[in-house]
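Data block below; observations after.
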Amino acid sequence: MKEAEVLIQFDMEKLGAEGMQKLHQIEELLLEIGVSFDTGAGFGNRDWEWDWSLKGPVMVFHKKFKEEQT
């Protein structure tokens, strides 16, 4: 498998205040185990960029593309 760069977007409106609080807690827990990456917000989303900025005891691989549903 090849290493991959991934953009994960969380819809802040759908998460709501409680969901955003939990998402920040998850980010803090990941930092505690040494995992860090670029985060950001834009267009109503919270972004996690698992690219060159991903550091720590983790790797991301491309497994396959999701098949389109017809």
* In the range 10-70, with Lys and Arg counted as +1 and Asp and Glu as -1 at Cβ, which of these residues, ILE26, GLY40, PHE61, has the Cα nearest the positive end of the dipole, that is, farthest along it? -> PHE61
* Quote to one decimal, in nm, the extra length available between PHE61 and SER36 on full extension: 0.36 nm per residue of separation minus the C-alpha distance between them. => 7.3 nm
* To do: State the extension gain, in nm to one decimal, for the chain segment bounded by GLU18 and MET1, taking 0.36 nm per residue of separation less the distance between their alpha-carbons.
  => 2.5 nm
* In nanometres, what is the gap between the two model label sites at ASP11 and GLU28, each 7 Å from Cα along Cα-to-Cβ? -> 2.7
* Sorted from largest down, what three extents in whole angstroms do the Cα atoms of the chain have along their principal axes? -> 39, 36, 17
* Exposure rule at most 15 other beta-carbon atoms within 10 Å, DSSP loop chymotrypsin sites (Phe, Trp or Tyr not before Pro): the chain longest free segment -> 1-42
* Structure fact -> Across all Cα atoms of the range 29-70, Rg and the largest Cα-Cα distance (Dmax), in Å, are 13.7, 42
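Values quoted throughout were computed directly from the atomic coordinates according to the rules given, and no laboratory measurement underlies them. Computed from a prediction, not measured in an experiment: that's the story for all the values here. Note that we place each Cβ from the backbone using ideal geometry, even for glycine, and neighbour counts take in every protein chain shown.
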